[in-house]
Amino acid sequence: MKRGKAPSSRRAEIQQLYQSYASGQTVLPASALLRFLHQKQMELTANEETAEGLIDRYEIEETARESRSMTFEGFLRFMESKDCCVFDQAHTSVYQPMDQPLNNYFISSSHNTYLTGDQLVGESHLDAYVCALRKGCRCLEIDCWDGPDMEPIVYHGYTLTTKILFKDVITTVEQHAFEVSAYPVILSLENHCSQEQQEVMAEYLISILGEKLLRIPLDHPTTGDLPGPNDLKYKILVKNKKLKAHIETEGAAGTEVEESVDDEDEEDEEEEEDHQTKAKFWSPRKAGSTPKQKKKVAVAEALSDLVVYTRSVKFHSFSHSKDNQNYWENTSMAEKKARKLAKASGADFVHHNQKFLSRIYPAGSRTSSSNYNPQEFWNVGSQLVALNFQSLGLSMDLNDGRFQDNGGCGYVLKPWVLMSSERSFDPSCSQHGLKPTNLLLKVISGSNLPISRSGKALDSFVRVEIHGIASDSRRKNTHTVKNNSLSPCWDTDMNFSISVPELCLIRFCVREQTGLLSSEFVGQYSLPFTSLKKGYRWVPLRSRDGCSLDPASLFVFVWYS
């Protein structure tokens, strides 16, 4: 990335660093640059070759290059480059093992993916699926209803949200599924269709997705585990209820297919909660226009046959799941129920998610498509923490930060604390057995911040937030620097003690002070603690909608032990 000229405050900081290592010389020799990399940037694997490589990359003055040294201008270019970004550049590619079972990963997941606005009168649009997939989303929700002329439709039932065709959604998914990630896409069907239209859905899934649709279990050693992202590359999975085949007598030729009572999955509750909420908002317009209990329709065999590793079943209790749930069955639950369980039995929830996939979705009362904080459900190891991708703000910032990791492929390996069978982990307790990590963040300065909406220079401060288990989550602010968007200098030290850093996200947020107790969002950047680079680093800033505000950035010093 080519960055603009550094404002004076940052330039002065970098000049000071440069001079302290140049030791009075006019240029910085490769050996001194290597010392800087070891001592300040904590690049402990760097060697002479590394230092000379940086000189070749960033130094443009011929004589300096020939003498294997760096001028201040070359050093400044290096300090402003991706090599000195706060986000570990090794994590911009897939670097984690991708052959562990699916339940060992956090999976980027969206809720009501078809919506571009609120859940009552918002527009349903194919672009919403394209946007989610381009953000690395790997679990898409499709609400399916009977449409005219035997064409299933997708919309938020019993509302004025606009309708799109199911076949168009599947065509869009087929076109964009693997644009940014080769790893599997899960289609989470909230299925309200009659058996006849479910058969049409099955036909579309087969004819449009073709080879990409996973239709039979993989031929891999049966370990009782789900396959991994590598096993399912370029595959699309259907998440829906599935019929159970009951063999009447051993060796009998015929099988009778029926739906077991377990098949009423939690999304029936989601639907019911949704309908009650909608009933409060909409006055009856005509007979039958208000939500009412629908007669349950069994899943059509043709659609049931397409469900392989992601069969939806109802959650009863952790002990019921332990005794009855198969590894290829998953549960969904609303945020309120999940929150209650996380608080009451956090360790059991973590253990449950070591074996099974669980999906969490926003409460039906969130009619404006607002989001919960996903961190609270990642803390118990839930893989499919579904958010309204169209709703901007803290929750989506954290989601973007979490899934920026591992090359933005939509799958991030859960930390060892959530996968260890040797120790019980409860995120609602302070983890006394763990030696805390001490994090020092020095917020030095800002650069090229956007001007305020009034057109004047900003009165800005930086808020640093730690999002992790409850006892680790906190935030600290710098003081406010008035009337300076170009190069505000805060020079503020912040110390944090973190007991489970592997679960933490760090969020840098620049805000404008608008009153004694009021402030407005200017820009932010979120990343996992595990992707945080030590040393002098710059923090790229993003707008409310996640777009780069380059060249706006922060200059910080990071240290942890």
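Listed values, structure above:
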quantity	calculated
Trp490, Trp559, Trp416, reordered so the largest accessible area comes first (probe 1.4 Å)	Trp416, Trp559, Trp490
DSSP-loop GluC sites (Glu not before Pro) across the range 137-232, with at most 15 other Cβ within 10 angstrom	Glu179
Evaluated over the range 301-403, the Cα radius of gyration and Dmax, each in Å	14.4, 42
At q = 0.15, 0.18, 0.20 Å⁻¹, base-10 log of I(q)/I(0) for the range 78-232 (Debye sum, equal scatterers on each alpha carbon)	-0.88, -1.12, -1.27
Helix-only CD estimate at 222 nm, as mean residue ellipticity for the chain, using -39500 (n - 2.57) per DSSP H run (n ≥ 4)	-7500 deg cm²/dmol
Value of D in µm² per second that Stokes-Einstein yields for the range 399-528, Kirkwood Rh from Cα pairs, at 4 °C (1.567 mPa s)	78 µm²/s
Arg134 versus Asp545: modelled label distance in nm, points set 7 Å from Cα along the beta carbon direction	1.0 nm
Whole-Å distance, taken between Cα centres, linking the range 466-492 and the range 21-96	28 Å
Translational diffusion of the range 163-213, µm² s⁻¹ [Kirkwood Rh, Cα pairs; Stokes-Einstein; 4 °C; 1.567 mPa s]	109 µm²/s
Simple spin-label estimate for Thr530 and Leu17 in nanometres, 7 Å along Cα-Cβ	2.6 nm
Average projected area [Cα convex hull, the range 61-111], square nanometres	6.6 nm²
Two-site FRET efficiency, Phe521 against Val180, from Cβ-Cβ distance with R₀ of 22 Å, rounded to 0.05	0.25
Largest-first principal axis extents of the Cα set of the range 1-153 (Å)	80, 38, 24
Per residue, the convex hull volume that the Cα atoms of the range 333-468 enclose (Å³)	165 Å³
Those chymotrypsin sites (Phe, Trp or Tyr not before Pro) in the range 38-114 that DSSP places in a loop and that have at most 14 other beta carbons within 10 Å	Tyr95
Stokes-Einstein diffusion coefficient of the range 364-438, Kirkwood radius over Cα pairs, 20 °C, 1.002 mPa s, in µm²/s	149 µm²/s
For the range 156-190 versus the range 116-135, the gap between their alpha-carbon centres in whole angstrom	10 Å
Nearest 10 degrees, 0 to 90: helix 30-39 Cα axis against the chain principal axis	50 degrees
Subset of Lys239/Lys314; Lys241/Lys296; Lys135/Lys476 violating a 18 Å alpha-carbon distance limit	Lys135/Lys476
The range 458-552 - convex hull of the alpha-carbon atoms, volume per residue in Å³	118 Å³
Separation in nanometres of the label points that stand 7 Å from Cα toward Cβ, at Asp168 and Ala470	4.6 nm
Mean separation of Cα contacts under 8 Å, 6 or more apart, over the residue count of the range 114-247: relative contact order %	26 percent
Antiparallel DSSP beta bridges within the chain, as percent of all bridges there, nearest 5	70 percent
Residue-span extension gain [Ser319 to Asp127] - 0.36 nm each, minus C-alpha spacing	65.0 nm
Radius of gyration and maximum dimension Dmax of the range 517-561, Cα, Å	12.3, 35
Theoretical gain in end-to-end length, Glu62 to Ser424 [0.36 nm per residue, Cα-Cα removed]	124.4 nm
Tail fraction, Cα-Cα pairs, the chain, threshold 32 Å, whole percent	51 percent
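The values are calculated or read from the model by the stated rules, or taken from the named source; none is laboratory data. Remember, predicted model here, so these are calculated numbers, not experimental data. Every residue, glycine as well, gets a Cβ built from its backbone with ideal geometry; the counts of neighbours run over all protein chains shown. Note: areas computed on protein heavy atoms with side chains; ligands, DNA, RNA excluded. Shrake-Rupley method; radii C 1.70, N 1.55, O 1.52, S 1.80 Å.
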